[in-house]
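The values are calculated or read from the model by the stated rules, or taken from the named source; none is laboratory data. These numbers come from a predicted model, not from an experiment. When we count neighbours, we look across all protein chains shown, and the Cβ atoms used for this are built from the backbone with ideal geometry, even at glycine.
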């Protein structure tokens, strides 16, 4: 099989770097273009990243030799993975879609548009059918799909099997989010060290709205959102990578502790689908009271699985538990990549 | 006024050190005895602490010269502040009470006994009347009063004005607790750094049970607990000092955001009582979205005030907000000291 | 005594904030003006700092009400403390000096000019005589004095008594510098956490050149630098406040370990001078092998003393030891303030 | 080729865990026994480590099923890798050697014995000849080889090519050592966080004595130590993994900056030897001023390479530079394993 050519928009940022790293040696995809702001354009990627590369000792060879391009829709690739900042992502992604590119975006700009899929392949791959409506509306030859906010993804993956088996009515979540979630330079070190910051701009709103679209039923008429009350409190903690979420949930139907854990453990919707970046299982339920922890669990299944632990009764809602995911991989770079793999496997990248 | 002589049990531990520091220059009290386990007994306190003192550059002069005693009830003092580990606190504190000492304890052992006051002076000083029943039951000449668990204190202080004005039915709390709360050596640094540990043994149980006693109505028959559902999730984060708590609450009576903030700001139950360690106000409501933070707010009113911020509607319960307190001071050393001051001011230390 | 009116240039930055904090309740000085870049100008200082104040819970009342001015020489004050960034400090400070203000600067711009005193009051207050030459050269009615780089100050204070008693020929120093030394936002948290960065731009050069001027002999002809070889290696470590320095030194004259420690302990050159911010003693030699530590010692004598420990033989040079200072106070804000106090006490602020 | 059976002594500690991890999938070796103190003996390794495993999400399958044995010389293996604490390692290792086992130890106990090789395979594999003398003296059927202290290994690897090409006369080193180097639980988190501890017991002595043996010439008469003056200052910094060392060196022979860097880069003494854990190259010289950093470089060549950067002239000695290594892998677990591989390749494990 010939590899599909991939371009990365925003390739010099933290999420962009993670995408470049994940594409190194990918079985289906070949990194053919790296694009960024004007400042970096024209340089070799290896040079541009000399003192900024933060994914390990070295820029992957195949990427290091590429020339950084500007984010204009004349790149030699079939799909672009967009790790652009939301201040510029909106327009650039539209220009690429209009010019015929498939766009798999990590930016928030188009997430909540009715005909743009907000995808988590394990949960709502059938939302891909929105692409038809999107093309009709816009007249684009290409299209845009998006992945959710980093803390939304982890929570939705944990909630999905419960929603499916028991129904969900209410959710309360308090997050302890990693510094890498703020991008680079992100949080100042004198603010972060030995401290908790009890606020992340826009984050609670995203966690309260995005899950309704993700867990919604799709039809030609669009996505019908379920009735779930969600209340989120989001905090920044001095952890480099790995968002931890304390979640309480009220179910529609009674379920024993054993049944809930079984639901987590049997959740394997992509089993056998062969998507290279799909973790199997996507949820790892851990028995130890002390887990999950960012240090131990952020890289479970190469950073793509969500780790869950401490399921117990909640005296206000029904159950409470802790979920953890790698915000940089499962919550961003790997999420956009997995969406691209889904597109490929469903024929959306064929000409 | 002659100063009351105070002994500190467990004076070499982290809370004990904080008590010794707080007593330096205290207007009512004089540190006359420091006691600890056999290992340290016999040494000068200054020498015993030479490489363990962690409250700043130097052991206060008055304490440095004291000889460390064993924790037996033959100390030259009227009241003992107990910072003993719960593995030994129970029996030792009883022996002191029996021998006629007033005991103000920070240990958990006697907290939930029906006739032992579990005190937060701003909330339930009238619980002191349990001392009578306690003496009758035990025949002790002395008595024991206790302070609550560190994370309980902060939450109860934040809830007290809401309970008083609007009534409280349900509470959900997720904590991000500091490392100093685990004592010394406490959490291993390789476990703590760049990590979150989603479990603190026994902590959730304490946060779910202690508030009911604290907020309960006292009568000669004991404390009648209110009906409040509390659900707690407790986490350890890499912060040295300062517990942060994300709290959601369901009120019995409707209240506007403005009324809730007013309730926090007007809560000054000890105003004019003159207890030297009582912060006035005990609650500081901060307007910035970015507050409270351990780094900025842990030492508010010398570590004795609870800082509150981010009050907003909760779509599952009624309101949510963030509370922060200095776990070492307001949550332990200062709490036991404030209880001792309350005892003094109410005549319980008179002969 | 009427208080001298002080303006702070760069009052919104990290060092500026520290100066504002130190001036609160100062016995000689009164903060009359706060100035910063255009962006902040026109606002009340309290409002401008609402979400940026990082010196504790609250902006001091006296400062909060001041209107932030631009950094132009029409401020109502006799002396300006400059905490400006070096990218703008040079010209602004000159304009103030020309307009007749005394300028005590923390910026590096004028430090190495032959007729600008580079002051550490405990070491070279006689360098004030350079002011005469400076005025003659420039024709300014005012003048500029500077304080050294933060890591230079700590090292020079530690070396001064050794230079005086035994002479110094060679110095090797490796620093572990705190994050606050980089200003705000300074180092990105994802770079700082759980990491060491072995480079601080320009820092090694400053540590190798500034001490020669500081320890030099002044005469009407200028400062004659001593012959000392200094080699510095500077690192950034995840510590908020407090620079630690491992220093090795070759002396001109043999000295016993006891004599060296005695030299540290007897170094009290400002004893009895009455400068309010001068620590007495300026050097605290600690006997424990485990000291000094940023956590325990950064605030020794309100952050103005340098703590020293672990003196022992060095098999390559003669002695090695560890020195620590509060980079924000002794190394910046307090240094500029102490220089201002020296100017006041020597009559340089009289009209 | 049949795999050699390996036992791990002290398999439950931090270094022991790292060895177990490294042996998973090893091409030459098979983990056949895990041994630890009485407390753990009798349990399955997987169970014993349930809440203590700190090398990632899971204990490797092959190890999880092994029963933990006591450290007595009746294990089913040919070689034991000893990760024992030095408080017990001495006697246990001797009993194994006496019983005929090859012992590759990470403990300090036997390092400086004249006939025990203190090995870094890239530097002194010819020291293996000491085993003959060792056996003659002791009458053991087996034997002991050791690896150096973690911070010694990194420094010696960096110095080796300089010693070889230019000769070395003096070395000054200041270390910033990671918390994992102290084992588990090691440093208390309240001591470690946001702090530097300027002392590590015994560390400076090891760094000053071990290199002389390592770099010494071996002959039947033993090791002849070279004349090098070494002075070390050792600090603990809040980094989980990765020791950073600032090194200054005086060479016997003049060398240009270019020649020194060339010496680092051309140092490939094990090239083509085929030892599975040997990094090629063992030294990675990085051009960026900002490198090496623990975060980026600790896992270079699977944690086995030493990263070097910032070579520049030193005004007191000749050159200074920064070296970094993974203390847990190159400095301990991987060092003992590489020594075992060397033994295997040289026929010391044949029967």
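Inclusion of residue D:99 among residues that are more than 25 Å from residue D:304 (Cα to Cα) and in contact (Cβ under 8 Å) with a residue 12 or more places away in the chain is warranted.
For every residue, the table says whether it meets (1) surrounded by fewer than 24 Cβ atoms within 10 Å (Cβ to Cβ); (2) under 15 Å from residue B:146 (Cβ atoms); (3) not assigned by TED's automatic domain parsing to the domain that holds residue B:336.
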site	(1), (2), (3)
B:71	no, no, no
B:77	yes, no, no
B:85	yes, yes, no
B:100	yes, no, no
B:104	no, yes, no
B:114	yes, yes, no
B:122	no, no, no
B:125	yes, yes, no
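Whether a residue is in contact (Cβ under 8 Å) with a residue 40 or more places away in the chain and away from every other protein chain (no Cβ under 11 Å) was assessed, and residue B:311 passes this test. Quick check: is even one residue across the range D:154-170 within 17 Å of residue D:223 (Cα to Cα), surrounded by 24 or more Cβ atoms within 10 Å (Cβ to Cβ) and touching a strand residue (DSSP E or B) at 6+ places or on another chain (Cβ under 7 Å)? No: the range D:154-170 contains no residue that is within 17 Å of residue D:223 (Cα to Cα), surrounded by 24 or more Cβ atoms within 10 Å (Cβ to Cβ) and touching a strand residue (DSSP E or B) at 6+ places or on another chain (Cβ under 7 Å).
Can you pull out every residue in the range D:300-351 that is part of a loop (DSSP other than H, G, I, E, B) and within 11 Å of the chain's Cα centre (by Cα)? If the condition is that a residue be part of a loop (DSSP other than H, G, I, E, B) and within 11 Å of the chain's Cα centre (by Cα), then D:304, D:326, D:327, D:328 are the ones that fit. Meeting the requirement of 1 or more residues that are within 20 Å of the chain's Cα centre (by Cα), the helices (runs of 4 or more DSSP H) wholly within the range C:95-211 are C:121-124, C:130-138, C:150-165.
In the range A:242-277, what count of residues is obtained for those that are out of contact with any strand residue (DSSP E or B) (no Cβ under 7 Å at 6 or more places or on another chain) and crowded, with 23+ Cβ neighbours inside 10 Å?
Initially, the range A:242-277 is screened for residues out of contact with any strand residue (DSSP E or B) (no Cβ under 7 Å at 6 or more places or on another chain), giving A:253-256, A:258-259, A:262-263, A:266, A:268-277.
Then drop every residue that is not crowded, with 23+ Cβ neighbours inside 10 Å, which leaves A:277.
Qualifying residue count, the range A:242-277: 1.
Residue A:89 - would you say it is within 14 Å of chain D (Cβ to nearest Cβ) and either touching a strand residue (DSSP E or B) at 6+ places or on another chain (Cβ under 9 Å) or in contact (Cβ under 8 Å) with a residue 12 or more places away in the chain (or both)? The answer is no for residue A:89. Within the range D:263-284, does at least one residue satisfy the condition of being at pLDDT 95 or above, in a strand (DSSP E or B), within 14 Å of another protein chain (Cβ to nearest Cβ) and under 24 Å from the mean Cα position of the chain (by Cα)? Yes, the range D:263-284 contains at least one residue that is at pLDDT 95 or above, in a strand (DSSP E or B), within 14 Å of another protein chain (Cβ to nearest Cβ) and under 24 Å from the mean Cα position of the chain (by Cα). Looking only at the range D:212-230, which residues are part of a helix (DSSP H, G or I) and within 14 Å of chain C (Cβ to nearest Cβ)? Of everything in the range D:212-230, just one residue is part of a helix (DSSP H, G or I) and within 14 Å of chain C (Cβ to nearest Cβ), namely D:212. In the range A:37-58, the qualifying residues are those that are crowded, with 23+ Cβ neighbours inside 10 Å and within 23 Å of residue C:187 (Cβ to Cβ), and the one that is farthest from the other protein chains (Cβ to nearest Cβ) is A:48. Taking the residues in the range D:171-185 that are within 14 Å of chain B (Cβ to nearest Cβ) and in contact (Cβ under 8 Å) with a residue 40 or more places away in the chain as candidates, determine which candidate is surrounded by the most Cβ atoms within 10 Å (Cβ to Cβ). Once the filter is applied, the top-ranked residue is D:178. Taking each residue of the range D:231-260 that is within 7 Å of chain C (Cβ to nearest Cβ) and looking for partners that are surrounded by fewer than 19 Cβ atoms within 10 Å (Cβ to Cβ) and not in a strand (DSSP E or B) with beta-carbon atoms closer than 8 Å, six or more apart or interchain, yields D:231/C:315; D:231/D:208. Evaluated against (1) surrounded by fewer than 24 Cβ atoms within 10 Å (Cβ to Cβ); (2) more than 14 Å from every other protein chain (Cβ to nearest Cβ); (3) at pLDDT 95 or above, residue C:188 falls short on exactly one condition, (2). Quick one: residue A:283 ticks every box in (1) under 21 Å from residue A:159 (Cβ atoms); (2) free of Cβ contacts under 8 Å to residues at least 40 places away in the same chain; (3) surrounded by 18 or more Cβ atoms within 10 Å (Cβ to Cβ) bar one, so which box is it? Evaluating residue A:283 over (1) under 21 Å from residue A:159 (Cβ atoms); (2) free of Cβ contacts under 8 Å to residues at least 40 places away in the same chain; (3) surrounded by 18 or more Cβ atoms within 10 Å (Cβ to Cβ) leaves (2) as the failure. Can you say whether residue C:197 is touching a residue at least 24 places away in the same chain (Cβ under 8 Å), more than 19 Å from residue C:147 (Cβ to Cβ) and at the interface with another protein chain (Cβ under 7 Å from one of its Cβ atoms), as far as the supplied structure shows? Yes: the conditions hold for residue C:197.
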